[in-house]
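A short worksheet on the structure shown next.
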Amino acid sequence: MTSPPRLKHLGRALLLAASSLILSACVETGGEPMDTVKQVDLERFMGDWYVVANIPTFVEKGAYNAVESYALNPDGTIATTFTFNKDAFDGAQKVYHPKGFVLDTSTNAHWGMQFIWPIKADYRIVYLDPDYQLTVIGRAKRDYVWVMARQPAFSDAELQRMRDFIASIGYDATKLERVPQQTERAPTKPEG
């Protein structure tokens, strides 16, 4: 049985509208330019990063023990494993495997992060300390931001310093939330 032409048209319109919403949520669509750090040594950047604070996406709301792990693939892409416990330290573990793509190979600081094909979300390394112990990942839309460290312990003074930094690059820093971390646990290692 075939659908009437009007229903087919409506179905296509709904699919197009849903696709547009997804794309607008994930792809950079303007805003003021956002500088990245001048250079990232990808091999040094790989490994485990504790998400110690963020302006969370809907997926990350209620995240505890959030860890982002990176591994450089032979083809230059970045295998990523993002894990966290939902709503409590002993909550259900959530695991995601997006793939990173270096978009600016002159700095290695602007990536596309792909959770679903073909969309690559804006991912910019906007702060990185010289010892590769603390980083801030931003987006040109200034909607989401992630403060990540190599260790789960993060002082209130460090958090305030990062809050001031993200405000200085155009974010509403009042939206920055601390991500609860248990300091005695070992992070999940990336696959591959």
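Solvent-accessible surface of region 49-163, taken per residue with a 1.4 Å probe and all protein chains present: 43 Å². Ignoring ligands and nucleic acids, what accessible area does Met148 show with a 1.4 Å probe (Å², nearest 10)? Met148 exposes around 0 Å² with every protein chain in place. With 21 Å as the limit, the listed pairs Lys120/Lys141; Lys61/Lys94; Lys61/Lys175; Lys99/Lys175; Lys94/Lys175 have Lys99/Lys175; Lys94/Lys175 beyond it between alpha carbons. For Glu32 and Arg44, the difference between the fully extended length at 0.36 nm per residue and the C-alpha to C-alpha distance is 1.4 nm.
Ordered by packing density, taken as the mean number of other Cβ atoms within 10 Å over each peptide's residues, highest first, how do 86-98, 130-142, 60-72 rank?
60-72, 130-142, 86-98
FRET efficiency for the Glu177 to Thr105 pair, using the beta carbon distance and R₀ = 22 Å, is estimated at 0.10. Under 10 Å from the Cβ of Asp172, count the other residues' Cβ atoms, weight Lys and Arg +1, Asp and Glu -1, and hand me the total. Every neighbour counted, the sum reads +1.
The values are calculated or read from the model by the stated rules, or taken from the named source; none is laboratory data. Values in this document were obtained by computation on a predicted structure and should not be read as measured data. All Cβ positions, glycine included, derive from the backbone under ideal geometry; neighbour counts span all protein chains shown. What goes into the accessible areas is simple: the full protein's heavy atoms, side chains included, and nothing from ligands, DNA or RNA. Shrake-Rupley method; radii C 1.70, N 1.55, O 1.52, S 1.80 Å.
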